[in-house]
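Report on one structure; see the data block that follows.
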Amino acid sequence: MGSSTFKKFLLVLLLLGVYFSIELLTHHTRLKFGYQFEPSACAINNFIDCDAVAKSRYAELLGIPMASYALVYYIILMGLYALQCFLNKRDYYSIFLFISGVGFIWSIAMSLTSFLVIKKICIYCFSLYLVNIVIFVGVYFSRLHHGSFAENVRCWWRTLTYGLKALFSSAIPDQHRSISRFSLIYVCLTIGVVYLLPFYLVLGVYVPRAESEKNKGQAESSYSDWLKEPMRDLELATGDFLQKDFAWGDAQAAITIVEFSDFECPFCRRTSKFLKELESRYPGKIRIVFKNFPLSKSCNANVLTEKHAYACEFAYLARCAGKYGDAEFWKMHDEIMGLLRVSAQSSSELIDDLDLDKGEMASCIRSPEVRQRIMADSRLGNRLAINGTPTVFINGKRVKIATPESIKKIISHLLDAAK
């Protein structure tokens, strides 16, 4: 491959790397901030599942998505690509070889982690790894490459130390000092922009302005509508794991939020996460009570179809986890709510993840008492004319449109009134 052809090929690879990095970062951000409501197109089966990979602890390093590091890596390589006319051929390819070598090693390490540790693969991730490997191999075996790998590492080190010296030394030619300073600014700006990109995606893309305006209008009228609602007896119960309603927050809190929820409902997932965040924002002032309303005829007499085939099973599963304590119930609750793909194996996998006794859990899930307890919640929901989830009550009064904005508006009024 000739010099000109190779450079064009290299540019195409770098652009592909940027594309895959942005796709991965966008996907990771949607998952992390709760804006992914259904499995991704690349979540094909139990092995090829980009959602599971993105949710694993290996998807971030120091709290920053791996995709952000990849995007910084490619943008820096593109900046280096643009500087080729200012560097001699030996220095240029030595630097490129070293940096692409880092990408090569990282790709091999992440591939092995995916296969051996996570035991699931992400198509976009492996596309990125392939790009990294091809770049390194292409640079290493190109006709433009000179000397052994060790010689190129030494050359890279000399170039790096010279560049650092050029930042501060007046003895270095002005052109070299300008290149070094430009490179430093370019790298710093790249890191800053990529770090802020997920926040831009959340605020500027996933919370569209139209939706925001709509919710704002609903929130303004939510408090007055809530005041007009009649007080309902929600039959809040205490006792053992079969009797009690599991609650999060201070039992003496002035504000009690009761959520009727379905474990397979994507909107319930978002509301559940929001309510727990709300309680942590006002510690001691809010208590959240969970009640089941599965949209499945298996445990809800008013539902005539299996809208959510696993909703009842998940309800049994969470209550049985509560046999080991409130903390275990909420752990199971959060794990189930975090599922984007459900199957007949999901319950067994969740029991393993929480390290619960499989025999005891299986016996508990099959017990008539647990099933009757879930059906009791469903019957209560039907008496309250609940026809969808999530349905939220605040201090015994129903919130007609239970958006985060409406709930916050009512809570804000209640807290102000209590002062």
Quiz item: What number of residues within segment 37-60 satisfy the criterion of being surrounded by fewer than 17 Cβ atoms within 10 Å (Cβ to Cβ) and modelled with pLDDT of 85 or more?
Solution: 9
Exercise. Output yes when any residue across segment 393-404 is assigned to a helix (DSSP H, G or I) and over 20 Å from Lys323 (Cα atoms), and no when none is.
Key: yes
Practice problem: Examine segment 333-350 for a residue that is farther than 27 Å from Pro39 by Cα, surrounded by fewer than 15 Cβ atoms within 10 Å (Cβ to Cβ) and either of a type in the set (D, E, K, R) or not assigned by TED's automatic domain parsing to the domain that holds Lys291 (or both), and state whether such a residue exists. | Solution: no
Quiz item: So which residues in segment 263-278 are charged (D, E, K, R) and either outside the structural domain of Ser296 (by TED's automatic domain parsing) or surrounded by fewer than 22 Cβ atoms within 10 Å (Cβ to Cβ) (or both)?
Solution: Arg270, Lys273, Lys276, Glu277
Quiz item: In segment 1-33, which residue that is assigned to a loop (DSSP other than H, G, I, E, B) and in contact with a Phe, Trp or Tyr (Cβ under 8 Å, 6 or more places away or on another chain) is nearest to Ile133 (Cα to Cα)?
Solution: Met1
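How many residues are under 16 Å from Leu11 (Cβ atoms) and either under 19 Å from the mean Cα position of the chain (by Cα) or surrounded by 19 or more Cβ atoms within 10 Å (Cβ to Cβ) (or both) if we restrict to segment 118-141? Spell out how you get there, then give the answer.
Going residue by residue through segment 118-141, those that are under 16 Å from Leu11 (Cβ atoms) are 131-132, 134-136, 138-139.
After this cut, where a residue has to be either under 19 Å from the mean Cα position of the chain (by Cα) or surrounded by 19 or more Cβ atoms within 10 Å (Cβ to Cβ) (or both) as well, the list is 131-132, 135-136, 139.
Residues in segment 118-141 being under 16 Å from Leu11 (Cβ atoms) and either under 19 Å from the mean Cα position of the chain (by Cα) or surrounded by 19 or more Cβ atoms within 10 Å (Cβ to Cβ) (or both): 5 in total.
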Quiz prompt | Looking only at segment 358-389, and only at residues there that are more than 15 Å from Asp245 (Cα to Cα) and buried (at least 21 other Cβ atoms within 10 Å of the Cβ), the one that is nearest to the chain's Cα centre (by Cα) | solution = Thr389
Exercise. Taking Ile288 as meeting all but one of (1) surrounded by fewer than 19 Cβ atoms within 10 Å (Cβ to Cβ); (2) in contact with a Leu (Cβ under 8 Å, 6 or more places away or on another chain), write down the number of the exception.
Key: (1)
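The values are calculated or read from the model by the stated rules, or taken from the named source; none is laboratory data. What you are looking at is a predicted structure, and each value in this text was computed from that prediction instead of being measured. Because the Cβ atoms are built from the backbone with ideal geometry, glycine has one as well, and the counts that use them run over all protein chains shown.
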